[in-house]
1. Within region 694-713, take every residue that is without any contact (Cβ under 8 Å) to a residue 40 or more places away in the chain and over 12 Å from P663 (Cα atoms) and give me the one that is farthest from the chain's Cα centre (by Cα).
2. Determine the pairs where a residue that is touching a residue at least 60 places away in the same chain (Cβ under 8 Å), located within region 489-517, has a partner that is of a type in the set (F, W, Y) and crowded, with 19+ Cβ neighbours inside 10 Å with Cβ atoms under 7 Å apart, the partner being 6 or more residues away or on another chain.
3. How about region 383-406: which of its residues are more than 23 Å from G92 (Cβ to Cβ) and of a type in the set (A, V, I, L, M, F, W, C)?
4. Kindly provide the set of residues from region 158-175 that are within 16 Å of G12 (Cβ to Cβ) and either touching a Ser or Thr at 6+ places or on another chain (Cβ under 7 Å) or crowded, with 17+ Cβ neighbours inside 10 Å (or both), ordered by number.
5. State which residue pairs qualify: first residue more than 14 Å from E660 (Cβ to Cβ) and inside region 672-691, second residue at pLDDT 90 or above and hydroxyl-bearing (S, T, Y) in any location, beta carbons under 7 Å apart, and separation of 6 or more residues or different chains.
6. Name the one entry in R93, R108 that is farther than 20 Å from Q219 by Cβ and over 21 Å from the mean Cα position of the chain (by Cα).
7. Can you work out which of the residues in region 434-473 that are among the hydroxyl-bearing types (S, T, Y) and under 17 Å from the mean Cα position of the chain (by Cα) is farthest from P381 (Cα to Cα)?
8. Name the residue that is surrounded by the fewest Cβ atoms within 10 Å (Cβ to Cβ), counting only residues in region 80-96 that are closer than 21 Å to G181 by Cα and either at pLDDT below 85 or β-branched (V, I, T) (or both).
Amino acid sequence: MQTKQFSTEFGGKTLTAEFSDLAMHANGSVIVRYGNTAVLATAVMGREERTGLDYFPLTVDYEDRFYAVGKILGSRYVRREGRPADESVLTGRAVDRTARPLFDQRLRVDVQVVVTVLSIGDDGPDVPAIVAGSLALAVSDIPWAGPVGAVRLGKKAGEFIINPTYQQRAEGLEVDMLVCGKDGLVNMLEIGAHEASEETLADGLTTALDAIGKLEVFQKDIIEKIGKEKKTFVFRELSEEARALFTKEIAPQLDGAVFTKNRDNTKVGELHDMWKNLLKEHAPLEDIGVADAYFEEQIENTFGVGILDGKRPDGRERNEIRPLFAQAGGIAPMVHGTGVFYRGETHVLSALTLGGPDDTQTLDGHDGEIEKRYMHHYNFPPFSTGETGRMGGTNRRMIGHGALAEKALIPVLPAKEAFPYTIRIVSEVLSSNGSSSMASVCGSTLALMDAGVPIKAPVAGIAMGVVLKPTTKEYAILTDIQGPEDHYGDMDFKVAGTKDGVTAVQMDVKVGGVPVALLTEAFGQAKEARLKILGVITNAISAPRAEIPATAPRILVTKVTKEQIGLVIGGGGKTVNQIRELTGTEITIEEDGTVFVTGKSPGAEEAVRLIHEITREYKAGERFDGVVTRIMDFGAFVKIGADTGITGMKEAEGLVHVSEIAPFRIGNVHDAFKEGEKVPVIIKEIDEMHRINLSIKQADPEWAARKGLVAGDAPAPGDRPFGDRPPRRDFGGGERHGGHGGFPRR
């Protein structure tokens, strides 16, 4: 095995790139190690050009491996990797979104980048994966305009942290950002933040680019030493005859086709059909294969020139938002919360469901099991764009958009202690013309408030675009981009947040990157739009509803001591399962003794009552109306605990000794009581054996007189004159204690 290693200091740790013949048939391969985290990246290019394609066939795959965490994971019956987890999909998307803009989009040869996770330590694999993908491409013979660097930047207690560990991220960060870029420009961005200011984020980008610059120098040194010569491709050009035909017949109509208020862009489609028909009649056959690409290039040029001249396809100003509409509730009666949000032709319905603590989602994370109590899912059916297609399942885009909306709303959700519900939101994109992920954020805010979830503040999102003219560095920032502006523009910059700050950002570009100064300006323009949208949302519903809907389950919270947890659970879970069956509830018991009861009234209240009865600790001085259960010569046993209906669980009893029945001596105890009779009692004492001793005469001194009892002629059996009484006996032993008689429920 032949290896070459290169190392650099990065964020206080050593990053190592190892090149070997391990994956010798790949065009480029590398193992990147950072701490105990290691990933293998390979890059392969197909041997033949694919004719008939109108896109560059790039595939980026990110492969998690169970062995990477040193565990045998999976289900009991399947112990191998299956469908990738959402976290893996998102990391794969980050690698893809970073590398894709740096290819010549005219390529029609398959390129595949595969990142395989070999080991995971304290550091996440996302930054090593992006760097490894960059190096695998950069040292290969595949034409690519890299290298590109990446860094995860955290902020805590006012200080930025380069590449925070899993532990640091779990402890909480004010800002968590993944930044990729080259040559001092940002070309991919993911941010999660707790209402951070735009100025803070701009400072973070500058700090991140400084770290990325060092990685670029490191990679360029490697490329100079071991990089292969890049393959060259000659792209077929449209003939002069066909170009002249386009200039004469099609070019004069481009501006009118692109900058039209026609909702479905039929004018562009009609012009495209005209162009193809003209080619068939007047141009050489070899022009047919490149005609579509030429047409798209001219449309894009027309779009860019028009935007820089102040035009927009639908006639709006650069900072103008499309018409807005917001509605909270009123859609699906059984759903716990709904929100409808329109931004132009993008229409989203967000539906919210509340569940108990047992409804959380458990995930096998790199650092152990993770429980999610908030889930956001995003659906994008084909009818939303007026097309037919396959229904069902999710793709990487849907997972990514759902995760972005989830990230945007997490900072405003109430803590579990204040609102112990599990929350699931599904955003249904019913009509789409750009920025459906940000419309999902708005619709979900409406759904949360409609369901009575006490969020800290409403959240809104907006998508910003840009058109760049590299030769003059001229640019135009667009607010609320729609379909054509996303397709032909150079940037998709999504920003979500509250009135006080940003909660989530995602950025993709089609160019090599954009400067921080441009993003800072876009942040400011996005804030203006966000505040307008928040005004529309709060006009629809000003605050979360005071109560959750009647259709939602109720969660009642109670507390027992750690020692009492076993009493509530019972042997093999028998007791808690009986409570669930009797009350129709779900019961979750945490290690600290917190008990969550999920269900509808009156079952939830009954379950809490039963738990209180099972764990009740009686104290001297408490008064009850008890029920006589047994009458003995020396006194009567009285039940003071309420009925539970739980098999094998007897209610608490205490003994009313004959001397505690009346202020005078009773001759015959059997004359004083009947079984099943209610009597007033007070707990006189709980002795060292936890037996409850009761008194009627202390609870109600007149009770015996009202009963017509009189003083007996002789001391009652077992009683002696005061001052001449032997030590108290354990009356009957098993008789008194049988079935917990005389014991408090503990």
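The values are calculated or read from the model by the stated rules, or taken from the named source; none is laboratory data. Because the structure is a prediction, the values reported are computed rather than measured. Cβ coordinates were reconstructed from backbone atoms using ideal geometry, including for glycine residues, and neighbour counts include every protein chain displayed.
1. Ranking the candidates gives G708 first.
2. M507/F493
3. Filtering region 383-406 for residues more than 23 Å from G92 (Cβ to Cβ) gives 383-388, 391.
Passing the criteria: F383, M391.
4. Going through region 158-175, the residues within 16 Å of G12 (Cβ to Cβ) turn out to be 159-169.
Across region 158-175, the qualifying residues are F160, I161, I162, N163, P164, T165, Y166, R169.
5. Going by the 7 Å Cβ cut-off, the qualifying pairs are E675/T629.
6. On the way: R93 fails: over 21 Å from the mean Cα position of the chain (by Cα).
Among R93, R108, only R108 is farther than 20 Å from Q219 by Cβ and over 21 Å from the mean Cα position of the chain (by Cα).
7. Within region 434-473, the subset among the hydroxyl-bearing types (S, T, Y) is 435-437, 440, 444-445, 471-472.
Pick out the ones that are also under 17 Å from the mean Cα position of the chain (by Cα) and you get 437, 440, 444-445.
Details: S437: 14, S440: 14, S444: 18, T445: 22 Å.
So the residue we want is T445.
8. Ranking the qualifying residues of region 80-96, first place goes to V89.
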